[in-house]
Amino acid sequence: MRFLIRLALFCLVVPPAFAGTVSTFSGEKLTGVITFVDRSLVLTGGDGQVHKIAPADILEAQIADPAKDASKGNFPGGVILVNGTAVPIAPKSKIAEMKLVLGSKPVTVQPAAIAKYVYESAPWSALDSDAEGTGVLLRNGDFFAGKIGSVEGGDVRVNSLLFGPRKFDLKKSVAAIVVRDERDRTSTYRIRTTAGARLSVDALEFTSTGVSLRDSILGTVLLPGTEIAEISAGPGRFEHLVSAKPFRIDPPADIAPELALTKREPGADGQPGLIAAVNAAITYSIPPGFTVFAGIASIPATVPVGIPLVFAVYIDGKRAFQSPAMTSADTARPIRFVFGAARHITLRIEPGATAPGGLSAEWLAPTLLKTGR
């Protein structure tokens, strides 16, 4: 009997373990077994080495077994709050308060806190688009802008300045209704669950069984480790330049401005990126407190092997980084460096020798990071 009691107590205090991968702000990528101990994420590598990682040092942690991750990059439908938190639930056929459940805590959310009602599974890229204003996202991918009049009787009525009043069938035509802007610009962490929820939170603390989160709308949320698919830095500490709007673009003389920069969809390497014309200067504003640039320099096979290119980064107009000369025969090269307080960063791919016009190369996963809490 005493043995059974001791065994039961042991099972209570032993934290659950999960296979996973963690990328840190210092540039490490670690794979192993993850547990939550002493308010830290502890990863034990295959070599037995133990890494204790504080929440503020996590850039991205993939925790869930992919087979148990139901969302797989899509939001399954539900509501998205004005702070960016998204909760899977069947939206009502009218705009009203909703009771949301995360972990074991039910929370009643008023309509004023809801930005989007999503009626079908959709990729985050579509839901996180830069389009501003209210309206209806249709199932064919079009966005019909206008003021939401009413949602009732299976229809949504939209008043457009250009097209006048329109009515759309919720079941047949509507993917999502946007009733107000959703802005997640300052959250410290983003947590995605295996059920497809995404929480934009201001604070995170590991417990022996999972995480305790502070959401500006939902309050304190306790999630067991078995429900966590991913933990990543929020936009308050991480800015992906692929989704940022350039402050200015200075193209070379032989390239039209609209052709100097295009976005690269994630390829076989899984990395989104920027395709920039050689000698084009692409400048972005740096948010306050961001002091690290990270990315990958890549030259596609379309560039002749004999032409060397250099990837240069300028901070407030001064060269801060320069890669060695690379050709399309070289493997992609990671870039990471720290700079001081600054206002603008400029990315420029420069020829290492005389080069023909019309060439371009790629900045993969270019990001700005804010280290610390």
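No value in this document is a laboratory result; all are computed from the given coordinates. Note that the coordinates shown come from a computational prediction; the quantities given were computed from them, not determined experimentally. Positions of Cβ are generated from backbone atoms using ideal geometry, with glycine treated the same way; all protein chains shown enter the neighbour counts.
Here are ALA341, ALA329, ALA325, ALA312: which of them is within 21 Å of PRO251 (Cβ to Cβ) and not β-branched (Val, Ile, Thr)?
The unique qualifying residue is ALA312.
Looking at segment 147-161 only, could you name the residues that are in contact (Cβ under 8 Å) with a residue 12 or more places away in the chain and either charged (D, E, K, R) or more than 22 Å from GLY77 (Cβ to Cβ) (or both)?
Within segment 147-161, LYS147, GLY149, GLU152, ASP155, ASN159, SER160, LEU161 qualify.
Is there any pair linking a residue in segment 77-92 that is under 16 Å from VAL174 (Cα atoms) to one that is crowded, with 20+ Cβ neighbours inside 10 Å and among the aromatic types (Phe, Trp, Tyr), with Cβ under 7 Å and at least six apart or on different chains, and which?
Close Cβ pairs satisfying both conditions: GLY77/TYR119; VAL79/TYR117; PRO91/TYR117; PRO91/TYR119.
For segment 320-338, enumerate the residues that are out of contact with any Ser or Thr (no Cβ under 6 Å at 6 or more places or on another chain), in contact (Cβ under 8 Å) with a residue 24 or more places away in the chain and outside any strand (DSSP E or B).
SER323, ALA325, THR327, SER328, ALA329, ASP330
Residues that are over 17 Å from the mean Cα position of the chain (by Cα) and either within 14 Å of THR367 (Cβ to Cβ) or in contact (Cβ under 8 Å) with a residue 24 or more places away in the chain (or both): which strands (runs of 3 or more DSSP E) entirely in segment 243-316 hold 3 or more of them?
Filter on segment 243-316 gives 248-250, 273-277, 281-285, 292-298, 309-315.
What do you reckon, is ARG166 closer than 18 Å to ALA229 by Cβ, charged (D, E, K, R), in contact with a strand residue (DSSP E or B) (Cβ under 6 Å, 6 or more places away or on another chain) and assigned to a strand (DSSP E or B)?
No: the conditions fail for ARG166.
Tell me which residues, restricted to segment 195-229, are within 22 Å of THR108 (Cα to Cα), β-branched (Val, Ile, Thr) and part of a loop (DSSP other than H, G, I, E, B).
Correct list: ILE217 only.
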